[in-house]
Each structure stands twice: as structure tokens, then as C-alpha cells.
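S.K.: This structure is in C-alpha cells; I'll ask about it shortly.
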Amino acid sequence: FLPMWGTFFNVGMIFLGSAVGSIFKKGLGDSYHQIVMQALGLCALMIGLNSTLTNMQKSQLPVLFIVSLVTGGVIGQALKLEDRFEQLTTHLGGSRASSGLSTGILLFCVGSLSILGPFEAALNHNYTYLLTNGLLDGITSIILASAYGWVIALCGVVLLIWQGSLYLCALFFASAISPALMAEVSIVGGILIFVAGLNILKLTKISVLNLLPSLLIPPLVLLFWQDRKSTR
């Protein structure tokens, strides 16, 4: 587990930020909570928009994100991911805890640095992305925890599993990982973060968790696409 020290640093910063944010939460009135949520929603919008537009220029299949969102949404709805998640988090604080966890998971796990970091660590022993992401996540977790409370710390556990899985995938499937794949996944991830921002601002009520399977579609499509090209 020593090679994954960058991920442990990232998770540790979330735990630390959650503790600090939870302390701040106790001293904030409703008006402060409201402005913090508005700031968080705007930040999520810009992070998602930047990730989507930046990677859209690198896309080799410009319509893949549409296919991914539609297909992933159907799968997520069939599995009732959002309903199951809310049932799971009911005892943690109800819908508010569910909203905080889903927002935190998206911001911490779906960002470009969080995805690229484990790959760089596994393939090139480069921990710059993970260290940078850890610092950003530490700040983000303070803001999230000041709005949602200590439940944000649980996102650190999810991040550990997520980045640990990516690290192992990078070791075993190094040849299948390409810049094209990372770009397509980042486009879909950016859209999900953008939607999370809209939900935080209460401009929409989109089932983001039901759309999460969309992240699995680009790897499957690109794998089929590359196999088809290689057989020609």
C-alpha cells in the first residue's frame, strides 16, 4: 500500500477538512449556510463546465457523451441507485445527508485530477496530481462540511475505494488507458458535476446518482471502437 501514499494523503485532507468544516458549521446561522451553499453551487457549476468544455475539444467521438448519459441514465434508473442511496443514508440525516454525500462524491471522485492521479502514480510514479488534488479537496471538504456536517468525511472512504480501484486498473490494464479515454470520461464527469451544481442552487432536481453509470459507457464504447479499428 506504500505506493498509494498519494491517495492516503488525499483522503486524509478530506478527513481534516471535514473536521474543520463541522466545527465551523456549529457557529453558522441559517443565512450563512445559505450563502455557503450558493457559493458551493456556483463553484460546482464552473468546475463541471471547465472540465466538459476543455475535454470536448479532445473528443474523438463528439456524440459519445450523449450516448453515455442516456444509456447510463436508463441503467441507473432501472437499478434505482438514487432511491437505494437515500434509503442507505436515512439514518445519517435523511435527504440532506444524501445530498451532501452525493455532491461530495462527485466533486472528490469525478474530477480530472482524482481520475488521472492514480494512473500517474501507478504508471509513472508521479504523485503531483494526487498531492494537488488533496489540497483542493481539503479546502472543498471544509466548505462542504460547513454546509452538510461531518457526513462529508464518509466521502473520504468512498474516495479511497475509488482511487484504489483506479490504481489497480492502471497496473493491470495499462495498455488500454489512453488520453482519448480520459477525455471522454472527463466530459461525462464534468456534466455530472455541473448538474450537481444546479441541484445545489435548487435550479433543478436531477437524479445525479442515477446518471453515475454513464461513467462506465465511454470505456466500453472505446474498447469496442479500438477493437473494430484494429481488425480492419
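S.K.: Condition first: farther than 25 Å from Pro213 by Cβ and in contact with a Leu (Cβ under 6 Å, 6 or more places away or on another chain). Can you find one or more residues in the range 158-180 that meet it?
M.R.: no
S.K.: Which condition number in (1) surrounded by fewer than 16 Cβ atoms within 10 Å (Cβ to Cβ); (2) over 13 Å from the mean Cα position of the chain (by Cα); (3) among the β-branched types (Val, Ile, Thr) is the one that Ile143 fails?
M.R.: (1)
Every residue, every condition in (1) open to solvent by less than 90 Å² (accessible area, probe 1.4 Å); (2) within 19 Å of Thr140 (Cβ to Cβ), yes or no:
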| site | (1), (2) |
| --- | --- |
| His33 | yes, yes |
| Gln38 | yes, yes |
| Leu42 | no, yes |
| Leu45 | yes, yes |
| Thr52 | yes, yes |
| Gln57 | no, no |
| Ser68 | yes, no |
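S.K.: What do you reckon, is Ser102 small (Gly, Ala, Ser), touching a residue at least 24 places away in the same chain (Cβ under 8 Å) and either open to solvent by 50 Å² or more (accessible area, probe 1.4 Å) or assigned to a helix (DSSP H, G or I) (or both)?
M.R.: Details: small (Gly, Ala, Ser): yes; touching a residue at least 24 places away in the same chain (Cβ under 8 Å): yes; either open to solvent by 50 Å² or more (accessible area, probe 1.4 Å) or assigned to a helix (DSSP H, G or I) (or both): yes.
Criteria met by Ser102.
S.K.: Tell me yes or no: at least one residue of the range 159-175 is among the β-branched types (Val, Ile, Thr), within 24 Å of Leu101 (Cβ to Cβ) and crowded, with 19+ Cβ neighbours inside 10 Å.
M.R.: Here is the first cut: in the range 159-175, the residues among the β-branched types (Val, Ile, Thr) are 161.
Filter once more, so that each one left must be within 24 Å of Leu101 (Cβ to Cβ): 161.
Checking the rest, the ones that are also crowded, with 19+ Cβ neighbours inside 10 Å come to none.
Looking for residues that are among the β-branched types (Val, Ile, Thr), within 24 Å of Leu101 (Cβ to Cβ) and crowded, with 19+ Cβ neighbours inside 10 Å, one finds none in the range 159-175, hence no.
S.K.: Provide a single number: the residues in the range 25-57 that are touching a helix residue (DSSP H, G or I) at 6+ places or on another chain (Cβ under 7 Å) and charged (D, E, K, R).
M.R.: 1
S.K.: Checking Phe108 against (1) open to solvent by 20 Å² or more (accessible area, probe 1.4 Å); (2) within 24 Å of Pro218 (Cβ to Cβ), only one condition comes out false. Which one?
M.R.: (1)
S.K.: Here's another thing I want to ask about it. With the structure loaded, tell me whether Ser114 is at pLDDT 85 or above, surrounded by 15 or more Cβ atoms within 10 Å (Cβ to Cβ), in contact with a Phe, Trp or Tyr (Cβ under 7 Å, 6 or more places away or on another chain) and in a helix (DSSP H, G or I) or whether it fails that test.
M.R.: Values: at pLDDT 85 or above: yes; surrounded by 15 or more Cβ atoms within 10 Å (Cβ to Cβ): yes; in contact with a Phe, Trp or Tyr (Cβ under 7 Å, 6 or more places away or on another chain): yes; in a helix (DSSP H, G or I): yes.
Taking the combined requirement at face value, the residue satisfies it.
The values are calculated or read from the model by the stated rules, or taken from the named source; none is laboratory data. A quick note: this is a predicted structure, and the numbers were derived from the prediction, not measured. Note that each Cβ is placed from the backbone with ideal geometry, even for glycine, and that neighbours are counted across all protein chains shown. Just so you know, the surface numbers come from the protein's heavy atoms only, side chains and all, with ligands and any DNA or RNA stripped out. Shrake-Rupley method; radii C 1.70, N 1.55, O 1.52, S 1.80 Å.
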